[in-house]
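Written out below as structure tokens is the structure these notes cover.
The values are calculated or read from the model by the stated rules, or taken from the named source; none is laboratory data. Everything quoted here is computed from the prediction, not taken from an experiment. For neighbour counting, all protein chains shown are included, and Cβ atoms are generated from backbone atoms with ideal geometry for every residue, glycine included. Surface accessibility is based on the protein's heavy atoms, side chains included, excluding ligands, DNA and RNA. Shrake-Rupley method; radii C 1.70, N 1.55, O 1.52, S 1.80 Å.
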Amino acid sequence: MARRAVDEHAQYARPSKRGSRPRTKQRPEHADAEVGMVTGVDRGRYTLVVDDGTADERTVLAMKARELTRTRVVVGDRVDVVGDTSGDEGTLARIVRIQDRSSVLRRTADDTDPYERIVVANADQLVVVTALAQPEPRTGMIDRCVVAAYDAGMDVLLCLTKADLADPAPLRDLYTPIGVDVVVTRQDDAASVEDVRSRLAGRTSVLVGHSGVGKSTLINALVPDADRATGVVNDVTGRGRHTSTSAVALRLPVGGDGGHDGWVVDTPGVRSFGLAHVETEHLLQAFEDLAEVAEDCPRGCTHLADAPDCALDDWLSASSDDDRPAREARVASFRRLLTARHAAD
């Protein structure tokens, strides 16, 4: 009798909220997904360009699918998107996959922070924008950006602004020996802006720099309809005010036909570029000639100036009088960047 009462009660028991279907980790294939490039991120909403470069190109607003809740989607990512991808006002698509990234530019808040922050994905060139005056250039910051770019497998372009206020030669001479391309701009000089444009054409470039160095001003000159906010430098601190609040990818227009040739990614101004995530060997690989020499170094060699039996020192000693200046400059440049990385330890 008691058993029957229990069974009758079970007939009217409230069903589980989870339902009776077994849980599975199998996800739908989304074979009908379209590919989009993330051009902006704003509080959980992602602006995408779908069918880039075709007659069907459109801007789509999307959110992440539930299975991507813990996965970060960043500007530059190429993603698979489903749902309403018409781009019509009021529609919202869904990002279901992130495609493999060709490069990832990372930084940490400082040299002891274990948390990596992805600045941008799939860029092939880092443009370090530095003013020659007001504010004064900080080579330590430039070095750190170069290290992060080389670690990501990206090329580096050093853009020196405000050349009407100071001589660019000292910084140019400091960075060209390590393979950094250098371009110089002056206020109200359209030709210098075109010089920058020629180095960005056909590429995806991310611009990084301190606030107040003229980065947003340069973006507005390169992309006239970008309308990026610009600020001024504080006369007391010598620092600029943050004007860009989030990263955004912008088309680089060319000619007068409304076409475009490449992308530029504007990022918020930064005051630090931590390198806790960078491995020393990754940096060495950016210097192919020195990497070959360093193969003869003892295991665990730091390659710094005080490292015992470092093969780089032997390479310098074996150089001829004609080769020595170039080799010394090359090794000194590498060790300067290496010192910036070792400061993280």
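Quick one: in segment 170-189, of everything that is farther than 13 Å from residue 160 by Cα and in contact with a helix residue (DSSP H, G or I) (Cβ under 8 Å, 6 or more places away or on another chain), which residue is most open to solvent (accessible area, probe 1.4 Å)?
177
Among the residues of segment 37-57, which ones are part of a strand (DSSP E or B) and buried (at least 16 other Cβ atoms within 10 Å of the Cβ)?
Our first condition is that a residue be part of a strand (DSSP E or B); within segment 37-57, this holds for 37-42, 45-50.
Within segment 37-57, 37, 38, 39, 40, 41, 46, 47, 48, 49, 50 meet the criteria.
Considering every residue within segment 138-150, establish whether at least one is modelled with pLDDT of 90 or more, outside any strand (DSSP E or B) and closer than 17 Å to residue 263 by Cβ.
Looking through segment 138-150, at least one residue is modelled with pLDDT of 90 or more, outside any strand (DSSP E or B) and closer than 17 Å to residue 263 by Cβ.
What is the one condition in (1) within 29 Å of residue 334 (Cβ to Cβ); (2) in a loop (DSSP other than H, G, I, E, B); (3) touching an Asp or Glu at 6+ places or on another chain (Cβ under 8 Å) that residue 199 does not satisfy?
The failed condition is (2).
Just one of 124, 100 is within 29 Å of residue 161 (Cβ to Cβ) and among the acidic types (Asp, Glu); which is it? Talk me through it step by step, then tell me what you get.
Details: 100 fails: within 29 Å of residue 161 (Cβ to Cβ).
Within the list 124, 100, the selection yields 124.
Can you tell me which residue is most open to solvent (accessible area, probe 1.4 Å) among those in segment 66-110 that are of a type in the set (Gly, Ala, Ser) and over 30 Å from residue 276 (Cβ atoms)? Let's see the steps before the verdict.
Within segment 66-110, the first condition is being of a type in the set (Gly, Ala, Ser), and the residues that meet it are 76, 83, 86-87, 90, 93, 102-103, 109.
Narrowing further to those that are over 30 Å from residue 276 (Cβ atoms): 83, 86-87, 90, 93.
Details: 83: 61, 86: 49, 87: 33, 90: 83, 93: 2 Å².
The residue in question is 90.
It is to be established whether one or more residues within segment 111-131 are outside any strand (DSSP E or B), surrounded by fewer than 23 Cβ atoms within 10 Å (Cβ to Cβ) and among the hydrophobic types (A, V, I, L, M, F, W, C).
Of segment 111-131, the ones outside any strand (DSSP E or B) are 111-116, 122-124.
Filter again for surrounded by fewer than 23 Cβ atoms within 10 Å (Cβ to Cβ), leaving 111-116, 124.
Filter once more, so that each one left must be among the hydrophobic types (A, V, I, L, M, F, W, C): none.
No, segment 111-131 contains no residue that is outside any strand (DSSP E or B), surrounded by fewer than 23 Cβ atoms within 10 Å (Cβ to Cβ) and among the hydrophobic types (A, V, I, L, M, F, W, C).
Touching a residue at least 40 places away in the same chain (Cβ under 8 Å), more than 23 Å from residue 339 (Cα to Cα) and of a type in the set (Ser, Thr, Tyr): is that true of residue 161 in this structure?
Yes.
Tell me, which residue of segment 298-322 that is in a loop (DSSP other than H, G, I, E, B) and among the small types (Gly, Ala, Ser) is nearest to residue 281 (Cα to Cα)? Write out each step before concluding.
Within segment 298-322, the first condition is being in a loop (DSSP other than H, G, I, E, B), and the residues that meet it are 298-310, 318-322.
Imposing the further condition that a residue be among the small types (Gly, Ala, Ser) reduces the set to 300, 305, 307, 318-320.
Values: 300: 11, 305: 16, 307: 15, 318: 24, 319: 24, 320: 28 Å.
Step by step, filter segment 298-322, then rank; the result is 300.
Applying the selection to segment 303-335, what residues are surrounded by fewer than 16 Cβ atoms within 10 Å (Cβ to Cβ) and within 30 Å of the chain's Cα centre (by Cα)?
304, 329, 332
What number goes with the only condition from (1) out of contact with any Lys or Arg (no Cβ under 8 Å at 6 or more places or on another chain); (2) open to solvent by 20 Å² or more (accessible area, probe 1.4 Å); (3) polar (S, T, N, Q); (4) modelled with pLDDT under 90 that residue 280 does not pass?
(1)
Return the pair list, or none, for Cβ contacts closer than 9 Å from residues in segment 115-138 that are free of Cβ contacts under 8 Å to residues at least 24 places away in the same chain to residues that are among the hydrophobic types (A, V, I, L, M, F, W, C), at least 6 apart or on different chains.
Listed pairs, sorted by first residue: 115/109; 115/276; 117/109.
Go through (1) of a type outside the set (A, V, I, L, M, F, W, C); (2) in a helix (DSSP H, G or I); (3) under 21 Å from residue 150 (Cα atoms) one by one and return the number of the condition residue 325 breaks.
For residue 325, the failing item is (3).
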